[in-house]
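Below you'll find the structure, written out as structure tokens, and then a few comments.
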Amino acid sequence: MAEFTISGRMLVKTLKADFKKAFGSTLRVYKGVGFANDNDTIASIASKKIEPGSEFKVNGNMKVGTFEAKMKDLFGIKVQVATKDDSALADNGITLSASGK
């Protein structure tokens, strides 16, 4: 089962690459209404204070909607899971592993 950990020091481009490698789908990361810069850290785009050492473990059994909500709750960051080719958003009711198939 694919899984990885998200921390505040992680770069947006690393988060997107790790997500793609783990689940096959595309992760869209936002800063305000636009896309976040790939060279920003998670902490720099977060609207909530991220405590040092706090991490979020993500695994393939998590539902798309749950992952998106947890990113908003924990970090204050809007993310959207999209299909493998980034042509449409993934259904919130499927697992992250299924989103890349």
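The values are calculated or read from the model by the stated rules, or taken from the named source; none is laboratory data. Values in this document were obtained by computation on a predicted structure and should not be read as measured data. Cβ placement follows ideal geometry from the backbone for every residue including glycine, while neighbour counts extend to all protein chains displayed. The area values use the complete protein model at the heavy-atom level, side chains included, leaving out ligands, DNA and RNA. Shrake-Rupley method; radii C 1.70, N 1.55, O 1.52, S 1.80 Å.
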Between a first residue in region 46-57 that is among the charged types (D, E, K, R) and a second residue that is modelled with pLDDT of 85 or more and open to solvent by 100 Å² or more (accessible area, probe 1.4 Å), which pairs have beta carbons less than 8 Å apart while being 6 or more apart in sequence or on different chains?
57/3
In the set 20, 63, which member is in contact with a strand residue (DSSP E or B) (Cβ under 8 Å, 6 or more places away or on another chain), closer than 19 Å to residue 87 by Cα and open to solvent by 50 Å² or more (accessible area, probe 1.4 Å)?
20
Selection from region 23-39 of residues that are open to solvent by less than 40 Å² (accessible area, probe 1.4 Å) and touching a helix residue (DSSP H, G or I) at 6+ places or on another chain (Cβ under 7 Å)
23, 25, 26, 27, 29, 36
Cross-chain or 6+ apart pairs with Cβ under 7 Å, region 89-101 first and assigned to a loop (DSSP other than H, G, I, E, B) and polar (S, T, N, Q), then open to solvent by 60 Å² or more (accessible area, probe 1.4 Å) and modelled with pLDDT of 95 or more
92/63
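Results for (1) of a type outside the set (Phe, Trp, Tyr); (2) open to solvent by less than 10 Å² (accessible area, probe 1.4 Å); (3) under 13 Å from residue 23 (Cα atoms), shown as yes or no for each residue.
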site: 77; (1), (2), (3): yes, yes, no
site: 82; (1), (2), (3): yes, yes, yes
site: 87; (1), (2), (3): yes, no, no
site: 92; (1), (2), (3): yes, no, no
site: 97; (1), (2), (3): yes, no, yes
site: 101; (1), (2), (3): yes, no, yes
